[in-house]
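Enquirer: One structure coming up, written as C-alpha coordinates, with questions to follow.
The values are calculated or read from the model by the stated rules, or taken from the named source; none is laboratory data. Since this is a predicted model, take the numbers as computed values, not measurements. Here the Cβ positions follow ideal geometry from the backbone for every residue, glycine too, while neighbour counts run over all protein chains shown. We work out accessible area using only protein heavy atoms, side chains counted, and drop any ligands, DNA or RNA first. Shrake-Rupley method; radii C 1.70, N 1.55, O 1.52, S 1.80 Å.
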Amino acid sequence: MATTSSSASHQLVVLAAALALVGGLFVLPKGIMKPKESRSELNKDAAATANRDGGGAKTNGSKTEASSGPVPATATDNGGAHSDDDGHDHSATAAAPHTTATAAQRQELTRLLAEYNTAPNAAAKATVATTLARRYNDVERFDSAGYYLEQVALARPTAANLQQAADAYFQAFSFAASDERIKLLGGKARELYVKVLKEQPGNLDAKTNLGMAYMASDNPVQGVTYLREVLEVDPRNEKALYNMGYLAVQSNQYDKAVKRFQDLVKVNPKNVNGQFYLGVTLARTGAKAEAKQAFLAAKALSNDPALAASVEEEIAKLK
(Lines give C-alpha, C1' and ligand atoms only; values in the text may rest on other atoms or scores of the structure.)
Protein backbone atom coordinates (compact mmCIF):
# COMPACT_ATOMS: atom_id res chain seq x y z
CA MET A 1 0.00 0.00 0.00
CA ALA A 2 3.74 6.02 -5.41
CA THR A 3 3.00 9.19 -7.33
CA THR A 4 2.94 12.76 -6.11
CA SER A 5 0.02 11.74 -3.91
CA SER A 6 2.42 9.68 -1.86
CA SER A 7 3.20 12.73 0.25
CA ALA A 8 -0.39 12.66 1.45
CA SER A 9 -0.55 8.92 2.10
CA HIS A 10 2.98 8.17 3.22
CA GLN A 11 4.96 9.48 6.15
CA LEU A 12 8.14 11.38 5.30
CA VAL A 13 10.40 11.08 8.30
CA VAL A 14 12.99 13.75 9.02
CA LEU A 15 16.45 12.43 9.80
CA ALA A 16 17.76 13.44 13.22
CA ALA A 17 20.77 12.32 15.25
CA ALA A 18 19.27 8.87 15.76
CA LEU A 19 16.62 7.22 13.58
CA ALA A 20 13.99 5.06 15.19
CA LEU A 21 13.28 1.60 13.87
CA VAL A 22 9.51 1.94 13.75
CA GLY A 23 7.39 -0.34 11.59
CA GLY A 24 5.31 1.13 8.80
CA LEU A 25 7.04 4.47 8.36
CA PHE A 26 6.43 4.16 4.63
CA VAL A 27 2.69 4.30 5.02
CA LEU A 28 2.04 6.90 7.68
CA PRO A 29 -0.39 9.37 6.20
CA LYS A 30 0.26 12.83 7.58
CA GLY A 31 2.93 15.40 8.31
CA ILE A 32 6.58 15.17 9.14
CA MET A 33 7.49 13.59 12.43
CA LYS A 34 10.73 13.86 14.33
CA PRO A 35 11.95 10.31 14.90
CA LYS A 36 12.36 8.79 18.29
CA GLU A 37 15.56 7.24 19.49
CA SER A 38 16.21 3.62 18.60
CA ARG A 39 13.94 1.33 20.58
CA SER A 40 16.41 -1.40 21.49
CA GLU A 41 19.71 -3.07 20.74
CA LEU A 42 17.73 -5.93 19.25
CA ASN A 43 16.18 -3.67 16.64
CA LYS A 44 19.54 -2.11 15.79
CA ASP A 45 20.89 -5.63 15.44
CA ALA A 46 18.12 -6.57 13.04
CA ALA A 47 18.63 -3.44 10.99
CA ALA A 48 22.28 -4.32 10.64
CA THR A 49 21.28 -7.52 8.84
CA ALA A 50 19.03 -5.75 6.36
CA ASN A 51 21.59 -5.46 3.57
CA ARG A 52 24.00 -8.26 4.30
CA ASP A 53 24.43 -11.06 1.81
CA GLY A 54 22.49 -14.20 2.47
CA GLY A 55 19.37 -14.51 4.57
CA GLY A 56 17.59 -16.53 7.17
CA ALA A 57 19.76 -17.85 9.96
CA LYS A 58 22.91 -16.48 8.34
CA THR A 59 21.77 -12.95 8.98
CA ASN A 60 20.39 -13.35 12.49
CA GLY A 61 21.58 -10.64 14.84
CA SER A 62 23.24 -11.55 18.10
CA LYS A 63 20.22 -10.51 20.16
CA THR A 64 17.56 -12.13 18.00
CA GLU A 65 15.17 -14.45 19.76
CA ALA A 66 12.23 -16.48 18.55
CA SER A 67 9.08 -14.46 18.03
CA SER A 68 6.57 -14.63 20.82
CA GLY A 69 3.87 -14.43 18.18
CA PRO A 70 1.02 -11.99 17.75
CA VAL A 71 -0.51 -10.34 20.79
CA PRO A 72 -4.24 -11.00 21.02
CA ALA A 73 -6.57 -8.09 21.71
CA THR A 74 -10.30 -8.28 22.27
CA ALA A 75 -13.06 -5.81 22.86
CA THR A 76 -13.22 -6.60 26.55
CA ASP A 77 -9.64 -6.76 27.75
CA ASN A 78 -8.06 -3.75 29.39
CA GLY A 79 -5.54 -2.27 27.02
CA GLY A 80 -7.43 -3.53 23.99
CA ALA A 81 -6.31 -2.60 20.52
CA HIS A 82 -8.87 0.08 19.86
CA SER A 83 -9.73 3.56 21.08
CA ASP A 84 -11.31 4.53 24.36
CA ASP A 85 -14.53 6.02 23.03
CA ASP A 86 -15.94 3.05 21.14
CA GLY A 87 -17.93 1.51 23.96
CA HIS A 88 -15.25 -0.87 25.24
CA ASP A 89 -12.89 -0.92 28.19
CA HIS A 90 -9.57 0.82 27.66
CA SER A 91 -8.40 1.57 31.18
CA ALA A 92 -4.84 0.47 30.45
CA THR A 93 -4.24 2.59 27.36
CA ALA A 94 -4.96 6.18 26.41
CA ALA A 95 -6.56 7.24 23.16
CA ALA A 96 -4.27 8.45 20.41
CA PRO A 97 -3.47 12.08 21.19
CA HIS A 98 -3.53 13.24 17.57
CA THR A 99 -7.17 12.28 17.01
CA THR A 100 -10.14 14.59 17.39
CA ALA A 101 -13.85 14.28 16.69
CA THR A 102 -16.50 16.96 16.38
CA ALA A 103 -19.66 16.86 18.45
CA ALA A 104 -21.58 15.70 15.38
CA GLN A 105 -19.07 12.92 14.72
CA ARG A 106 -19.23 11.74 18.32
CA GLN A 107 -23.00 11.76 18.19
CA GLU A 108 -22.98 9.62 15.07
CA LEU A 109 -20.46 7.23 16.61
CA THR A 110 -22.66 6.89 19.71
CA ARG A 111 -25.66 6.14 17.51
CA LEU A 112 -23.76 3.57 15.46
CA LEU A 113 -22.36 1.89 18.56
CA ALA A 114 -25.86 1.51 19.97
CA GLU A 115 -27.00 0.11 16.63
CA TYR A 116 -24.06 -2.30 16.57
CA ASN A 117 -24.70 -3.52 20.12
CA THR A 118 -28.39 -4.16 19.41
CA ALA A 119 -27.98 -5.69 15.95
CA PRO A 120 -30.08 -8.87 15.77
CA ASN A 121 -27.51 -11.13 14.11
CA ALA A 122 -23.92 -11.43 12.92
CA ALA A 123 -24.69 -10.22 9.41
CA ALA A 124 -26.36 -7.07 10.72
CA LYS A 125 -23.47 -6.44 13.11
CA ALA A 126 -20.99 -6.77 10.24
CA THR A 127 -22.91 -4.21 8.20
CA VAL A 128 -22.89 -1.68 11.03
CA ALA A 129 -19.26 -2.51 11.83
CA THR A 130 -18.26 -1.54 8.30
CA THR A 131 -19.82 1.89 8.75
CA LEU A 132 -18.32 2.26 12.22
CA ALA A 133 -14.88 1.51 10.86
CA ARG A 134 -15.32 4.14 8.16
CA ARG A 135 -16.37 6.75 10.70
CA TYR A 136 -13.49 5.92 13.06
CA ASN A 137 -11.11 6.19 10.14
CA ASP A 138 -12.53 9.65 9.42
CA VAL A 139 -11.48 10.81 12.90
CA GLU A 140 -8.15 8.96 12.69
CA ARG A 141 -9.02 6.36 15.31
CA PHE A 142 -7.32 3.67 13.26
CA ASP A 143 -7.20 1.19 16.14
CA SER A 144 -10.99 1.30 16.50
CA ALA A 145 -11.35 1.07 12.73
CA GLY A 146 -9.18 -2.03 12.86
CA TYR A 147 -11.27 -3.57 15.60
CA TYR A 148 -14.56 -3.19 13.73
CA LEU A 149 -13.05 -4.28 10.42
CA GLU A 150 -11.76 -7.33 12.25
CA GLN A 151 -15.33 -8.07 13.34
CA VAL A 152 -16.34 -7.89 9.68
CA ALA A 153 -13.52 -10.28 8.80
CA LEU A 154 -14.60 -12.69 11.51
CA ALA A 155 -18.10 -12.74 10.05
CA ARG A 156 -16.89 -12.86 6.44
CA PRO A 157 -13.29 -14.13 6.46
CA THR A 158 -12.29 -13.24 2.91
CA ALA A 159 -8.76 -12.16 2.09
CA ALA A 160 -10.01 -8.67 1.24
CA ASN A 161 -11.78 -8.28 4.59
CA LEU A 162 -8.81 -9.62 6.50
CA GLN A 163 -6.48 -7.19 4.74
CA GLN A 164 -8.74 -4.22 5.43
CA ALA A 165 -8.56 -5.00 9.14
CA ALA A 166 -4.83 -5.66 9.01
CA ASP A 167 -4.19 -2.39 7.17
CA ALA A 168 -6.16 -0.41 9.77
CA TYR A 169 -4.25 -1.99 12.65
CA PHE A 170 -1.01 -1.40 10.78
CA GLN A 171 -1.83 2.29 10.43
CA ALA A 172 -2.66 2.48 14.14
CA PHE A 173 0.59 0.66 14.89
CA SER A 174 2.46 3.22 12.82
CA PHE A 175 1.04 6.05 14.94
CA ALA A 176 1.44 4.29 18.30
CA ALA A 177 3.20 6.42 20.90
CA SER A 178 4.14 3.80 23.49
CA ASP A 179 5.99 0.50 23.39
CA GLU A 180 2.90 -1.20 24.82
CA ARG A 181 0.70 0.07 22.02
CA ILE A 182 3.33 -0.68 19.37
CA LYS A 183 3.56 -4.27 20.56
CA LEU A 184 -0.20 -4.70 20.82
CA LEU A 185 -1.16 -3.13 17.50
CA GLY A 186 1.80 -4.61 15.65
CA GLY A 187 0.77 -8.01 16.95
CA LYS A 188 -2.75 -7.57 15.66
CA ALA A 189 -1.46 -6.47 12.27
CA ARG A 190 0.88 -9.47 12.07
CA GLU A 191 -1.86 -11.87 13.09
CA LEU A 192 -4.16 -10.67 10.34
CA TYR A 193 -1.52 -10.34 7.61
CA VAL A 194 -0.51 -13.94 8.24
CA LYS A 195 -4.12 -14.94 7.58
CA VAL A 196 -4.15 -12.85 4.41
CA LEU A 197 -1.01 -14.57 3.15
CA LYS A 198 -2.48 -18.00 3.82
CA GLU A 199 -5.25 -17.06 1.40
CA GLN A 200 -3.04 -15.05 -0.97
CA PRO A 201 0.63 -16.12 -0.75
CA GLY A 202 1.52 -13.74 -3.58
CA ASN A 203 0.13 -10.64 -1.88
CA LEU A 204 3.29 -8.52 -1.76
CA ASP A 205 1.64 -5.53 -0.12
CA ALA A 206 0.54 -7.68 2.82
CA LYS A 207 3.96 -9.31 3.02
CA THR A 208 5.74 -5.95 3.03
CA ASN A 209 3.58 -4.61 5.84
CA LEU A 210 3.97 -7.87 7.72
CA GLY A 211 7.72 -7.47 7.42
CA MET A 212 7.65 -3.98 8.89
CA ALA A 213 5.25 -5.04 11.65
CA TYR A 214 7.79 -7.69 12.62
CA MET A 215 10.42 -4.99 13.15
CA ALA A 216 8.74 -4.12 16.47
CA SER A 217 8.44 -7.76 17.54
CA ASP A 218 10.80 -10.10 19.36
CA ASN A 219 11.94 -11.38 15.96
CA PRO A 220 12.70 -8.36 13.76
CA VAL A 221 15.03 -10.38 11.53
CA GLN A 222 11.93 -12.19 10.30
CA GLY A 223 10.75 -8.81 9.06
CA VAL A 224 13.92 -8.36 7.02
CA THR A 225 13.38 -11.84 5.58
CA TYR A 226 9.89 -10.93 4.42
CA LEU A 227 11.14 -7.73 2.77
CA ARG A 228 13.86 -9.66 0.95
CA GLU A 229 11.29 -12.17 -0.26
CA VAL A 230 9.20 -9.35 -1.70
CA LEU A 231 12.18 -7.94 -3.59
CA GLU A 232 13.11 -11.37 -4.91
CA VAL A 233 9.67 -11.56 -6.52
CA ASP A 234 9.41 -7.88 -7.45
CA PRO A 235 12.74 -6.00 -7.49
CA ARG A 236 10.84 -2.80 -8.38
CA ASN A 237 8.52 -2.89 -5.36
CA GLU A 238 8.54 0.67 -4.01
CA LYS A 239 7.49 -0.06 -0.46
CA ALA A 240 10.03 -2.83 0.00
CA LEU A 241 12.82 -0.76 -1.54
CA TYR A 242 11.99 2.17 0.71
CA ASN A 243 11.84 0.09 3.86
CA MET A 244 15.07 -1.76 3.09
CA GLY A 245 16.71 1.59 2.45
CA TYR A 246 15.38 2.91 5.72
CA LEU A 247 16.70 -0.09 7.62
CA ALA A 248 20.11 0.43 6.04
CA VAL A 249 20.05 4.05 7.25
CA GLN A 250 19.12 2.84 10.73
CA SER A 251 22.21 0.64 10.80
CA ASN A 252 24.46 3.39 9.33
CA GLN A 253 25.01 1.45 6.10
CA TYR A 254 24.69 4.57 3.99
CA ASP A 255 26.31 3.18 0.83
CA LYS A 256 23.75 0.39 0.73
CA ALA A 257 20.96 2.79 1.62
CA VAL A 258 21.95 5.02 -1.31
CA LYS A 259 21.61 2.04 -3.64
CA ARG A 260 18.13 1.22 -2.31
CA PHE A 261 16.89 4.78 -2.70
CA GLN A 262 18.51 5.13 -6.13
CA ASP A 263 16.64 2.01 -7.20
CA LEU A 264 13.46 3.46 -5.74
CA VAL A 265 13.61 6.77 -7.60
CA LYS A 266 14.50 4.94 -10.81
CA VAL A 267 11.26 3.02 -10.41
CA ASN A 268 9.33 6.17 -9.53
CA PRO A 269 11.10 9.55 -9.80
CA LYS A 270 8.06 11.18 -8.18
CA ASN A 271 8.40 9.27 -4.92
CA VAL A 272 8.88 12.08 -2.39
CA ASN A 273 10.14 9.80 0.35
CA GLY A 274 12.65 8.19 -1.97
CA GLN A 275 14.05 11.51 -3.19
CA PHE A 276 14.31 12.93 0.32
CA TYR A 277 16.11 9.92 1.75
CA LEU A 278 18.31 9.66 -1.30
CA GLY A 279 19.44 13.17 -0.45
CA VAL A 280 19.99 12.23 3.18
CA THR A 281 22.08 9.18 2.37
CA LEU A 282 24.06 10.83 -0.41
CA ALA A 283 24.92 13.63 2.01
CA ARG A 284 26.14 11.07 4.55
CA THR A 285 28.43 9.53 1.94
CA GLY A 286 29.89 12.90 0.96
CA ALA A 287 28.16 13.28 -2.41
CA LYS A 288 26.95 16.80 -1.64
CA ALA A 289 26.07 17.96 -5.15
CA GLU A 290 24.00 14.85 -5.82
CA ALA A 291 22.40 15.15 -2.39
CA LYS A 292 21.30 18.72 -3.10
CA GLN A 293 19.77 17.63 -6.39
CA ALA A 294 17.76 14.90 -4.63
CA PHE A 295 16.59 17.27 -1.90
CA LEU A 296 15.42 19.82 -4.46
CA ALA A 297 13.62 17.06 -6.36
CA ALA A 298 11.76 16.08 -3.17
CA LYS A 299 10.83 19.71 -2.49
CA ALA A 300 9.54 20.18 -6.05
CA LEU A 301 7.23 17.17 -5.66
CA SER A 302 5.39 18.43 -2.59
CA ASN A 303 3.60 21.56 -1.43
CA ASP A 304 4.12 20.63 2.22
CA PRO A 305 5.77 23.60 3.99
CA ALA A 306 7.19 21.31 6.67
CA LEU A 307 8.92 19.26 4.00
CA ALA A 308 10.23 22.43 2.35
CA ALA A 309 11.66 23.59 5.68
CA SER A 310 13.30 20.22 6.25
CA VAL A 311 14.84 20.28 2.79
CA GLU A 312 16.26 23.75 3.37
CA GLU A 313 17.67 22.61 6.70
CA GLU A 314 19.37 19.61 5.08
CA ILE A 315 20.73 21.69 2.21
CA ALA A 316 22.17 24.18 4.68
CA LYS A 317 24.16 21.34 6.25
CA LEU A 318 25.82 20.64 2.89
CA LYS A 319 27.62 24.00 2.77
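Enquirer: For the stretch 175-319, with only Lys/Arg (+1) and Asp/Glu (-1) charged at the beta-carbon, what is the dipole magnitude about the Cα centre, in debye rounded to 20?
Expert: My answer is approximately 220 debye.
Enquirer: Sticking with this one: In whole Hz, with x marking every Gly and Pro, tabulate ³J(HN,Hα) for the stretch 138-148 from phi via Karplus 6.51 cos²θ - 1.76 cosθ + 1.60, θ = phi - 60°.
Expert: 4, 9, 6, 9, 5, 5, 5, 4, x, 4, 6
Enquirer: Assuming 0.36 nm per residue, please report the length gained on full extension of the stretch ALA155 to THR110 beyond their Cα-Cα distance.
Expert: Extra length available between ALA155 and THR110 comes to 14.0 nm.
Enquirer: Which one, SER178, TYR242, VAL194, is farthest towards the positive end of the dipole of the stretch 120-259 when Lys and Arg carry +1 and Asp and Glu -1 on their Cβ?
Expert: VAL194
Enquirer: Same structure again: First compute the accessible area of the stretch 229-319 with a 1.4 Å probe, then give the percent of it belonging to carbon and sulfur atoms.
Expert: After summing per-atom areas, the C and S share lands at 51 percent.
Enquirer: So if each residue of separation counts as 0.36 nm, and I subtract the Cα-Cα distance between LEU318 and ALA119, what length gain in nm does that give?
Expert: Length gained between LEU318 and ALA119: 65.5 nm.
Enquirer: Beyond a 26 Å Cα-Cα separation, which of these cross-linked pairs lie in this structure: LYS198/LYS256; LYS239/LYS317; LYS266/LYS288?
Expert: Beyond 26 Å: LYS198/LYS256; LYS239/LYS317.
Enquirer: Right, another one. Give me the net charge of ALA283's neighbourhood, meaning all other residues with Cβ under 10 Å from the Cβ of ALA283; Lys, Arg count +1, Asp, Glu -1.
Expert: Net local charge, ALA283 excluded: +2.
Enquirer: In whole Hz, what ³J(HN,Hα) sequence does the stretch 287-301 give by Karplus (6.51, -1.76, 1.60; θ = phi - 60°), x for Gly and Pro?
Expert: Using θ = phi - 60°, the values come out as 8, 5, 5, 5, 4, 4, 4, 5, 4, 5, 5, 4, 4, 5, 8 Hz.
Enquirer: Which whole-Hz ³J(HN,Hα) couplings does the stretch 251-259 yield from phi under the Karplus relation 6.51 cos²θ - 1.76 cosθ + 1.60, θ = phi - 60°, glycine and proline marked x?
Expert: Each residue of the stretch 251-259 in turn: 9, 6, 9, 5, 4, 6, 5, 4, 4 Hz.
Enquirer: At 0.36 nm per residue, and after removing the present C-alpha to C-alpha distance, how many nm does the segment from THR285 to GLU232 gain when stretched out fully?
Expert: Using 0.36 nm per residue and subtracting the Cα-Cα distance, I get 16.4 nm.
Enquirer: Which whole-number percent gives the relative contact order of the stretch 172-319, counting Cα pairs below 8 Å spaced six or more residues apart?
Expert: Value for the stretch 172-319: 12 percent.
Enquirer: A further question follows. What nm distance separates the two modelled labels at ASP138 and LYS266, each placed 7 Å from Cα along Cα→Cβ?
Expert: Taking the two extended label points, one gets 4.5 nm.
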